Amino acid sequence: VFSASARPKRRSESKVLIVASSTSCAVVNMAALMLLVVLMPFSVVLHVSAATGNGTCSGDCLLGDLVKAPSSENILLSRYVQLTRLKEHEKPQHPPKQELSSPFHQVLKRHAEDTKNPRVAALIDQSAALLSGVGETPEVRETVRKLIDQIEASIVSVIEKEHERAQEELNNLTASFQTFKGTTIDGYAEALARDTDLVSCAEASNACATDAKECTGKQTQVEAEKDAKCEVSKAREAWESKLPHTAAQPAQMVWSPPTLKCDWSEDGACGPQAIEAWKREVAGHTQASIAAWQKEIDVWLQSATEDVEAAKGSYAEAVEECDSSTALLENKTKQCEEIHDECEAERQRCDHEWDRRDVSLCVFGNALQNFCDLKNRYFAKCDEVEAADSDRKKQWNTVSMLKCVLESHSEHGSLDNSVLEQCKTVPDYPYDPIIYKKTEVETWISEVKFKEEQCTCEETEIEFSGKQVTVQGSPPTYEVAPTFTPKINLELGAKPFLTCAGDGEARHCPVDFTCTRGGKLKEGAPCLLSDGCTEQECCESSESTTAAPAQSGPQLCSDKEDCLAKGWKLLWTGGEAKTVLPLEAITMVGYMKPDGELLHAWHFQTPESWKSTHPLDLFYDVTPNLEVTRAGDGTTYTGELVASYGNYGGGCECGRGGGSWGRICLRRANANIGCGVADTRVPVDVDFPYLRAYGRGSDGQCALSHYNWNQGSDYCSGDSADFVIFTASAIA
């Protein structure tokens, strides 16, 4: 309970009497302290009752809210200030020392103004108020001592922590810069390769279409020739001989016997003798004609016989030519069909290459956006840290002077000008200089090139293959323009290229997506394109795991007890200290629940590097073509094992990073490496662990290797499971 028991008197009076109960530590609410500062010209008596219920106040609460936030409310400093212990209604036992708080206050105030830190300024105000006009007592000394301790704990330690935090932030940004540099370089290389592949595919498809057109033209020509020849063959199927009168000498083939003429006007006309003579004449003529006719018939018969053979040969020749033309047409038709099939396959491949190109463009575009955003943030952070570091040094100097003054008062119980002069010489700033890697960062930036053009993060368009592919007509053909540099938007979160989805268009592979080329659906996988999901993003390749026959031995176990009984040894659990593990021939990794149940456990031949270094202490270690076996059912898969603490920025497909974020995971063997290359992740049915450690720590998120870094369930969430490493000497 505070009360002002005196009314203002003359302006010249400036004494302040502070009376407190002798049974408790005298505490003054900060509002009262501010009144003290405001009412310095007046004579004021402040009574403090021990019955207020606020308890006693030690030096630990002296600064209180001071270091929590530099808001205007906290300029009131702390809730309680311990000043002195005096006997109730008695004067101080020692006369007050010479008041030096004014010059002390002024010098430090100037330093505080330089620091622009309200916490330090308020601390100086409080210290001045504490030392101004207060007599020397053990309680005052104790209060000053605790104030020094509080300065050390709450101000100096904050300066140290902020200094360390600033260096850590720069280090993290630098490490991230290396990661995104690699991601950007790999992303551009991938996009360039995919764009080049698309152009090559389009040109090959067009060449195939030209071949198909030429083949169709030749097929039509061969078909016409075949029809003509087969018509000849058809015409020669039947043959008949010609009658003799159609021969070259028809007169010889005609019977013209002499006629019998009778003139009845004459006696004896056409008598018996005449008739007999005529018969003889006819018989002679007939005999001569028959002889000539027979001769002609014989010639005709001979000719007909020859004509039969000739006609037969001509027919056989026509049939052969027809058959040959038919076979030629069949071959040409088959050839054209094969070319058409090849062209259709080529068009489908181009569609696939188109999707891959567009996806790779978006992956690269997102990486470049992050890279350029990181560049801007890095140099902005450098400027911010430089300014803050300068302020911290000023704060250090001011607080060091204040500590010196308070320590002198605590030791000697007094202040004089020599102390103030001595305290103006402060010790050197005790922390290592901030390390700025601007030169290295500039070098890393210069290493990012688009063909021969160095990255500036001011690009509005970027060249890849330099050619643009468009589709024309149906069936589709491709037009390849000679020059093409697509426009890019480097604003973080925007569509990097027109074909990409922006932040507001994020979508994932739906459950009803159809994988036309085989493979399993990657339900929920992110889709990067603005016009929908593609098989490139949503479908696993057709390769699959191989289920091994059930075996006995240490490789097949389902929980800790079962595994230990079958020869496995539990060597390490996530969260434990990282030391070199005594790994034997076979290593098994997985997640283990508190009751010992194993989840997603796989074993493999121990990499040699794991025997000499804890896997989470390997910077970037890759074991290629490693066969892994699922402990639960013996399923096998051959992939690439990754153990690394370098920043990775994505799924297991990411390459070498730079920094301190650990991972243990499995990816496809001999696949393209680069963040966002989803085809490089293992198939969905390969549930190999993906441990994502926090920094250089020994635990983190527990997911599966077929997911991206921010996808999938965390099996270790809420202490539901731990990442574990088992070992065995051999597989029985």
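The values are calculated or read from the model by the stated rules, or taken from the named source; none is laboratory data. What you are looking at is a predicted structure, and each value in this text was computed from that prediction instead of being measured. All Cβ positions, glycine included, derive from the backbone under ideal geometry; neighbour counts span all protein chains shown. Please note that ligands, DNA and RNA were not included when accessible areas were found on the heavy atoms of the full protein model with its side chains. Shrake-Rupley method; radii C 1.70, N 1.55, O 1.52, S 1.80 Å.
Reported count of residues in segment 560-577, each being open to solvent by 50 Å² or more (accessible area, probe 1.4 Å), over 18 Å from Y715 (Cα atoms) and either in contact (Cβ under 8 Å) with a residue 24 or more places away in the chain or not hydrophobic (A, V, I, L, M, F, W, C) (or both), is 5.
Report, by residue number, each residue of segment 363-374 that is open to solvent by 40 Å² or more (accessible area, probe 1.4 Å) and more than 16 Å from I462 (Cβ to Cβ). Give the derivation first.
Narrowing segment 363-374 to residues open to solvent by 40 Å² or more (accessible area, probe 1.4 Å): 366, 370, 373.
Of everything in segment 363-374, just one residue is open to solvent by 40 Å² or more (accessible area, probe 1.4 Å) and more than 16 Å from I462 (Cβ to Cβ), namely D373.
Yes or no: C654 more than 30 Å from C563 (Cα to Cα) and in contact with a Ser or Thr (Cβ under 8 Å, 6 or more places away or on another chain)? Against the criterion (more than 30 Å from C563 (Cα to Cα) and in contact with a Ser or Thr (Cβ under 8 Å, 6 or more places away or on another chain)), C654 qualifies. The residues listed here are D621, D617, D699, D687; of these, the one that is acidic (D, E) and in contact with an Asp or Glu (Cβ under 8 Å, 6 or more places away or on another chain) is D699.
Test G674 against the criterion of being in contact with a Lys or Arg (Cβ under 9 Å, 6 or more places away or on another chain), buried (at least 17 other Cβ atoms within 10 Å of the Cβ), modelled with pLDDT under 85 and of a type outside the set (D, E, K, R), and give yes or no.
Numbers: in contact with a Lys or Arg (Cβ under 9 Å, 6 or more places away or on another chain): no; buried (at least 17 other Cβ atoms within 10 Å of the Cβ): yes; modelled with pLDDT under 85: yes; of a type outside the set (D, E, K, R): yes.
No.
Of all residues in segment 138-172, those being modelled with pLDDT under 80 and hydrophobic (A, V, I, L, M, F, W, C) number 8. Select from segment 339-385 the residues that are of a type in the set (F, W, Y) and within 24 Å of the chain's Cα centre (by Cα) and list them in ascending order. Hits for segment 339-385 are W354, F364, F371, Y378.
Do the conditions hold for S410, that is, is it crowded, with 19+ Cβ neighbours inside 10 Å and either in contact with a His (Cβ under 7 Å, 6 or more places away or on another chain) or more than 30 Å from V441 (Cα to Cα) (or both)? Explain how you work it out, then say what you get.
Numbers: crowded, with 19+ Cβ neighbours inside 10 Å: no; either in contact with a His (Cβ under 7 Å, 6 or more places away or on another chain) or more than 30 Å from V441 (Cα to Cα) (or both): yes.
Spelling it out, it is not the case that S410 is crowded, with 19+ Cβ neighbours inside 10 Å and either in contact with a His (Cβ under 7 Å, 6 or more places away or on another chain) or more than 30 Å from V441 (Cα to Cα) (or both).
Among the conditions (1) among the small types (G, A, S); (2) open to solvent by less than 50 Å² (accessible area, probe 1.4 Å); (3) in contact (Cβ under 8 Å) with a residue 60 or more places away in the chain, the only one that A730 does not satisfy is (2). Right, A175: part of a helix (DSSP H, G or I), at pLDDT below 85, hydrophobic (A, V, I, L, M, F, W, C) and over 30 Å from F450 (Cβ atoms) or not? Spelling it out, it is not the case that A175 is part of a helix (DSSP H, G or I), at pLDDT below 85, hydrophobic (A, V, I, L, M, F, W, C) and over 30 Å from F450 (Cβ atoms). Checking segment 499-514 against the condition returns no match, with no residue being at pLDDT 85 or above, open to solvent by 60 Å² or more (accessible area, probe 1.4 Å) and either part of a loop (DSSP other than H, G, I, E, B) or in contact with a Leu (Cβ under 8 Å, 6 or more places away or on another chain) (or both). For segment 296-326, taking the residues that are among the aliphatic types (A, V, I, L, M) and within 21 Å of D227 (Cα to Cα), the one that is farthest from the chain's Cα centre (by Cα) is identified as A311. Scanning segment 462-475 for residues that are within 14 Å of L192 (Cα to Cα) and either out of contact with any strand residue (DSSP E or B) (no Cβ under 6 Å at 6 or more places or on another chain) or open to solvent by 20 Å² or more (accessible area, probe 1.4 Å) (or both) yields E463, F464, S465, G466, K467, Q468. The single condition among (1) aliphatic (A, V, I, L, M); (2) loosely packed, with under 14 Cβ neighbours inside 10 Å; (3) over 15 Å from D211 (Cα atoms) that A345 does not satisfy is (3). Does G651 satisfy being open to solvent by 10 Å² or more (accessible area, probe 1.4 Å), within 22 Å of Y707 (Cα to Cα), in contact with a strand residue (DSSP E or B) (Cβ under 9 Å, 6 or more places away or on another chain) and not in a strand (DSSP E or B)? Considered against the rule, which asks whether it is open to solvent by 10 Å² or more (accessible area, probe 1.4 Å), within 22 Å of Y707 (Cα to Cα), in contact with a strand residue (DSSP E or B) (Cβ under 9 Å, 6 or more places away or on another chain) and not in a strand (DSSP E or B), G651 comes out as no. Set side by side, the residues Y645, Y620, Y637 differ, and just one is under 23 Å from D685 (Cα atoms) and in contact (Cβ under 8 Å) with a residue 24 or more places away in the chain, which is Y637. Against the condition at pLDDT 90 or above, outside any helix (DSSP H, G or I) and surrounded by fewer than 14 Cβ atoms within 10 Å (Cβ to Cβ), how does P594 come out, does it pass? Answer is yes for this residue. When W709 is tested against (1) open to solvent by 20 Å² or more (accessible area, probe 1.4 Å); (2) outside any loop (DSSP other than H, G, I, E, B), exactly one condition is not met: (2).
Every condition in (1) touching a residue at least 60 places away in the same chain (Cβ under 8 Å); (2) assigned to a loop (DSSP other than H, G, I, E, B); (3) in contact with a Ser or Thr (Cβ under 7 Å, 6 or more places away or on another chain) is met by V580 except one, and the failing one is (1). Across segment 479-492, what is the number of residues that are modelled with pLDDT of 85 or more, touching a Ser or Thr at 6+ places or on another chain (Cβ under 9 Å) and part of a loop (DSSP other than H, G, I, E, B)? Residues meeting the conditions: 4.
Of the residues in segment 476-496, none is open to solvent by 80 Å² or more (accessible area, probe 1.4 Å) and of a type in the set (G, A, S).
When the residues of segment 450-478 are filtered to those that are assigned to a strand (DSSP E or B) and in contact (Cβ under 8 Å) with a residue 12 or more places away in the chain, which remaining residue is nearest to the chain's Cα centre (by Cα)? Selected residue: F450. Looking across segment 309-329 at every residue that is open to solvent by 60 Å² or more (accessible area, probe 1.4 Å) and of a type outside the set (G, A, S), the one that is farthest from W239 (Cα to Cα) is identified as L328.
Looking at S400, S360, which one is on the phi < 0 side of the Ramachandran plot, open to solvent by less than 40 Å² (accessible area, probe 1.4 Å), in contact with a helix residue (DSSP H, G or I) (Cβ under 7 Å, 6 or more places away or on another chain) and part of a helix (DSSP H, G or I)?
When all the criteria are applied, what remains is S360.
W661 satisfies every condition listed in (1) open to solvent by less than 10 Å² (accessible area, probe 1.4 Å); (2) out of contact with any Leu (no Cβ under 6 Å at 6 or more places or on another chain) except (1).
Restricting to segment 201-223, count the residues that are open to solvent by 60 Å² or more (accessible area, probe 1.4 Å) and free of Cβ contacts under 8 Å to residues at least 40 places away in the same chain. Total meeting the criteria: 5. Each residue in segment 248-285 was checked for being of a type in the set (A, V, I, L, M) and at pLDDT 80 or above, and 6 of them qualify.
Looking across I434, I445, one residue alone is surrounded by 12 or more Cβ atoms within 10 Å (Cβ to Cβ) and in a helix (DSSP H, G or I). It is I445. Across segment 679-706, the number of residues qualifying as farther than 25 Å from C563 by Cα, over 20 Å from the mean Cα position of the chain (by Cα) and open to solvent by 30 Å² or more (accessible area, probe 1.4 Å) comes to 1.
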